[in-house]
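A short worksheet on the structure shown next.
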């Protein structure tokens with residue numbers, strides 16, 4: 001089945017309404033296509049840096065004796081991900097001297113971002129935070145900036161690499177690579193550091209963490225190789241700009257104006273849905289690890305069930321969600337994912353009544369992560385369908401940033417809520433947060449949305 005055989009429905013129609021059902025055999029074949037396999041490898045490159053400036057870095061700094069308050073402040077480097085839409089127009093339109101002529105617009109930005117990440121990870125590796133913490137902070141910020149820039153370029157590359165019906169499958173492959181990278185950057189980095197320690201020496205060993213972070217920097221070469229060997233999507237021609245003001249208007253203003261023109265009054269509905277679709281998962285997730293500790297689960301139990309098995313279940317959900325979206329349409333699976341994500345939070349309230357019960361934990365993690373994978377695959381496909389390929393980097397960066405700002409803000413109060421009302425009430429409340437999402441998905445499905453060109 002050729003890539004051109006699946007053309008998008010005509011403008012003015014809901015994409016799901018015009019999409020014919022395809023045989024399951026043909027649907028599953030999409031996961032063996034070259035574009036899908038490339039997205040698997042590039043997803044690994046995208047997922048690797050995240051934990052290296054969050055969870056893994058926090059473990060490293062705490063072991064080095066850095067106080068928890070400072071470690072908490074360092075989490076603000078993640079704001080780079082929330083505001084990547086600010087420089088997304090540059091990634092979308094600005095050529096990189098020499099590099100863009102050689103690789104093309106998307107691949108040149110991908111390669112530049114990956115080089116920044118590798119260089120900054122090496123900088124973190126060779127710096128002892130006990131001696132000089134400031135260089136570690138700046139390198140971590142550079143990793144986050146490079147990672148956010150890579151996300152911008154990669155989202156545009158994915159959207160431009162396949163037609164709309166295949167976007168859910170590409171999203172599933174992307175999530176698979178992303179989650180595998182998170183296992184490697186989390187459990188893998190700790191495993192390398194533990195085995196790089198010199199026997200007989202107790203306490204903190206900088207050399208062990210240096211080895212781990214150098215190994216993580218080397219792992220980014222997989223993404224570099226993929227970029228160099230991948231084709232550049234068909235370039236979109238832009239009208240030449242007569243002056244700097246005209247260029248700024250076309251690069252910065254026009255992507256947002258285009259979205260408002262195409263969707264008009266429906267733009268508010270779409271933006272509201274984007275802003276709260278993952279709210280149940282994000283707000284609940286902040287208190288998940290403290291909950292496991294308070295329930296008496298050991299580190300080994302939490303690592304095995306939530307970090308390894310849970311990731312596998314998320315991947316399974318992503319592939320199921322991608323296939324269901326191709327079979328039944330994105331909006332139906334978007335509704336299914338929203339309902340399952342909210343309902344699975346109620347299982348955590350039930351788990352709290354079980355005490356230390358590993359079998360119950362496995363059951364809850366299975367349901368929760370499977371639901372999350374289905375919701376994520378459908379949501380990424382939905383966001384991709386909203387973008388105009390002429391401004392794909394800028395528009396998708398705006399969407400993906402918006403989906404975290406409100407949930408992350410509310411999640412900051414989750415600890416205080418638990419202290420006041422307890423875990424059971426908290427998990428129930430996060431499930432109820434999903435009810436407005438169901439309403440917005442229903443309204444969006446009924447609206448006649450124009451298809452991005």
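Tabulated data for the structure shown
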item: Test: residue 135 is part of a loop (DSSP other than H, G, I, E, B) and not assigned by TED's automatic domain parsing to the domain that holds residue 254; result: no
item: Unique match (being closer than 25 Å to residue 37 by Cβ and touching a helix residue (DSSP H, G or I) at 6+ places or on another chain (Cβ under 7 Å)) among 96, 152; result: 152
item: Any hit, the stretch 392-413, residues being at pLDDT 90 or above, assigned to a helix (DSSP H, G or I) and under 19 Å from the mean Cα position of the chain (by Cα); result: no
item: Positions within the stretch 146-165 being over 22 Å from residue 220 (Cβ atoms) and part of a helix (DSSP H, G or I), in sequence order; result: 159, 160, 164, 165
item: Residue among 405, 435 that alone is surrounded by fewer than 14 Cβ atoms within 10 Å (Cβ to Cβ) and either in the same structural domain as residue 109 (by TED's automatic domain parsing) or farther than 30 Å from residue 156 by Cβ (or both); result: 435
item: Residue ranges of helices (runs of 4 or more DSSP H) in the stretch 286-387 with at least 3 members farther than 30 Å from residue 170 by Cβ; result: 288-294, 299-302, 330-352, 358-386
item: Residue in the stretch 166-179 that is free of Cβ contacts under 8 Å to residues at least 60 places away in the same chain and either farther than 30 Å from residue 323 by Cα or part of a helix (DSSP H, G or I) (or both) present; result: no
item: Flag for residue 372 being closer than 16 Å to residue 314 by Cβ, surrounded by 18 or more Cβ atoms within 10 Å (Cβ to Cβ) and in contact with a helix residue (DSSP H, G or I) (Cβ under 8 Å, 6 or more places away or on another chain); result: yes
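The values are calculated or read from the model by the stated rules, or taken from the named source; none is laboratory data. The structure displayed is predicted, hence computed values, not measured ones. Glycine gets a Cβ as well: all are built from the backbone with ideal geometry, and neighbour counts include every protein chain shown.
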